[in-house]
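Notes follow once the structure below has been shown.
The values are calculated or read from the model by the stated rules, or taken from the named source; none is laboratory data. Only a predicted model underlies this, so the values are computations on that prediction, with no experimental measurement involved. Because the Cβ atoms are built from the backbone with ideal geometry, glycine has one as well, and the counts that use them run over all protein chains shown.
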Amino acid sequence: MSDDVGTAELKNFEFTDRVEFATLLSEMDKRANHPSYTYQPTFMAHHSQRGFHASKARFRLLFGGNRAGKSCAIAHEVAWFLLGRHPYQEVIRGAQIWALSSEYRTLEHGLLYHLRRILPTWEALNLGQRIAGTSIPSFILAPGGGSLTFISTLGGEMARRRLQSASLDL
C-alpha cells in the first residue's frame, strides 16, 4: 500500500523536482563512496595502519616497505585532524599541523597527492598562495579552524627559524 502512495507522490513531482531529487541522490552516493569514508586501514602483525591510527602515543611512527601504504595512512591521519573528525581518537578542534620534508617535491608527490584525493570537495577549504615552482598551497585552512602548513627544511638558517619555537598539535 505504501508503495502505491510513494509512486503516486513521485508521479506528482514536477520535472524540476525529479531532477533536483536525482541530483541529491547522486551527491549522497558520491559522498558515501568518497575515499575519505571508504578507507580501510590494514591490520597485520608486522604492519598495522589501524594500530598507528588508534595509538594514543605522543610520538607515533609508521614503518613499511615500498608501496606499503605509509603515505596514504599519513594523509588520512592529517585529513582527519585537519577536519576535526578522527574515527579512532578524540581530536583537538582547530589543530595546527605542519607537513615537513627536506624538499617540497616529496610533499607534492607524497602527502599532497593523497590529500587531493582524500579531502572532500564539498568542504569549504581555504588554500594559501601556491609555493613557487610547485603545485603546493602554502597552507590549507579547514572550516573548523584546522590548519595544515607545508614547509621544506631546505635553506639552512632560514628553515631553522621557521621551525623554532612552534606550538603544534600534529
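Are there any pairs with C-beta distances below 8 angstrom linking a residue in region 114-136 that is over 20 Å from SER36 (Cβ atoms) to a residue that is of a type outside the set (A, V, I, L, M, F, W, C) and part of a loop (DSSP other than H, G, I, E, B), with the two at least 6 apart or on different chains, and if so which?
From residues that are over 20 Å from SER36 (Cβ atoms), the pairs are GLY128/SER138; GLN129/SER138; ARG130/SER138; ILE131/SER138.
Counting just the residues of region 140-153 that are farther than 16 Å from TRP80 by Cα and of a type outside the set (Gly, Ala, Ser), which one comes out modelled with the lowest pLDDT?
THR153
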